[in-house]
Amino acid sequence: FEAFVSVMGNKDSYGDVVMPGAFDDTLAEWAASGNPIPVVWSHGYSSVDNHIGVVLEAAQKTVGDKTGLWVKGQLDTDPEDRVALKVGKLMRGKRLTQFSFSYDVTEGAYVKSQTELGDYYELRKLKLYEVGPTLIGANSETELLAAKALRDIAADIKAGRTISAKNEELLRT
């Protein structure tokens, strides 16, 4: 799947505004660690079953008039991962289209504003812990951009194209 898990420059339901560059340091830390950013269903930390996938790519990106934290993620595909499979089905059916993320604020400030935003808390630097789909995100501008099933990915492979043994096995599974 691909999604905007955070949108920058607009006020969320908690009165926070994520600023451009807020994720730069934490994304660099994740990349340097070699560990994937977890995808967790609706911040469901109470059950390991809610850890449903990993982020493959993450970056601040602009698509159209929206700038935010864009991710390309992969949900777990093991038949035993019922939560991941159900979430994937809901995403492909466009019944689950919003996202969220958990974080600590490492730099922020309260801003008094005469603009249409009104007063808000500016999130300048964040430490990211996880991202994930949720029924209702704090920022309603988050967005599922694309969701594909493995069978859709397999259909996209051109005839005669060579794929790795690992990817072939994954597609067969």
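The values are calculated or read from the model by the stated rules, or taken from the named source; none is laboratory data. All values reported here derive from a predicted model rather than from experimental measurement. Cβ placement follows ideal geometry from the backbone for every residue including glycine, while neighbour counts extend to all protein chains displayed. The accessibility values were calculated without ligands, DNA or RNA, using every heavy atom of the protein model including side chains. Shrake-Rupley method; radii C 1.70, N 1.55, O 1.52, S 1.80 Å.
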- Name the residues in the stretch 71-81 that are surrounded by 12 or more Cβ atoms within 10 Å (Cβ to Cβ) and of a type in the set (D, E, K, R), would you? LYS72, ASP76, ASP81
- Message: With part of a strand (DSSP E or B) and open to solvent by less than 40 Å² (accessible area, probe 1.4 Å) as the only criterion, which of GLY88, GLY68 stands out?
- Response: GLY68
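With at pLDDT below 95, open to solvent by 60 Å² or more (accessible area, probe 1.4 Å) and assigned to a loop (DSSP other than H, G, I, E, B) as the only criterion, which of TYR14, TYR45 stands out?
Working: TYR14 fails: at pLDDT below 95.
Of TYR14, TYR45, the one residue that is at pLDDT below 95, open to solvent by 60 Å² or more (accessible area, probe 1.4 Å) and assigned to a loop (DSSP other than H, G, I, E, B) is TYR45.
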- Message: With the requirement that a residue be in a loop (DSSP other than H, G, I, E, B), crowded, with 19+ Cβ neighbours inside 10 Å and not polar (S, T, N, Q), what does the stretch 122-144 give you?
- Response: GLY137
- If you check LYS94 against the conditions, is it at pLDDT 95 or above, part of a loop (DSSP other than H, G, I, E, B), of a type in the set (D, E, K, R) and open to solvent by 30 Å² or more (accessible area, probe 1.4 Å)? yes
- Any idea which of ASP119, ASP152 is modelled with pLDDT of 95 or more, exposed (fewer than 14 other Cβ atoms within 10 Å of the Cβ) and either over 23 Å from ASP65 (Cβ atoms) or touching a Lys or Arg at 6+ places or on another chain (Cβ under 7 Å) (or both)? ASP119
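Being closer than 17 Å to VAL17 by Cβ and at pLDDT 95 or above: is that true of LYS112 here?
Numbers: closer than 17 Å to VAL17 by Cβ: yes; at pLDDT 95 or above: yes.
Taking the combined requirement at face value, the residue satisfies it.
Restrict the check to the stretch 34-54 and report whether at least one residue is of a type in the set (Asp, Glu), touching a His at 6+ places or on another chain (Cβ under 9 Å) and over 19 Å from THR142 (Cα atoms).
Of all residues in the stretch 34-54, those of a type in the set (Asp, Glu) come to 49.
The next check asks that each one be touching a His at 6+ places or on another chain (Cβ under 9 Å); those that pass are none.
Among the residues of the stretch 34-54, not one is of a type in the set (Asp, Glu), touching a His at 6+ places or on another chain (Cβ under 9 Å) and over 19 Å from THR142 (Cα atoms), which makes the answer no.
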- Query: Looking at the stretch 22-38, which of the residues that are part of a helix (DSSP H, G or I) and under 19 Å from GLU107 (Cβ atoms) is most open to solvent (accessible area, probe 1.4 Å)?
  - Reply: GLU29
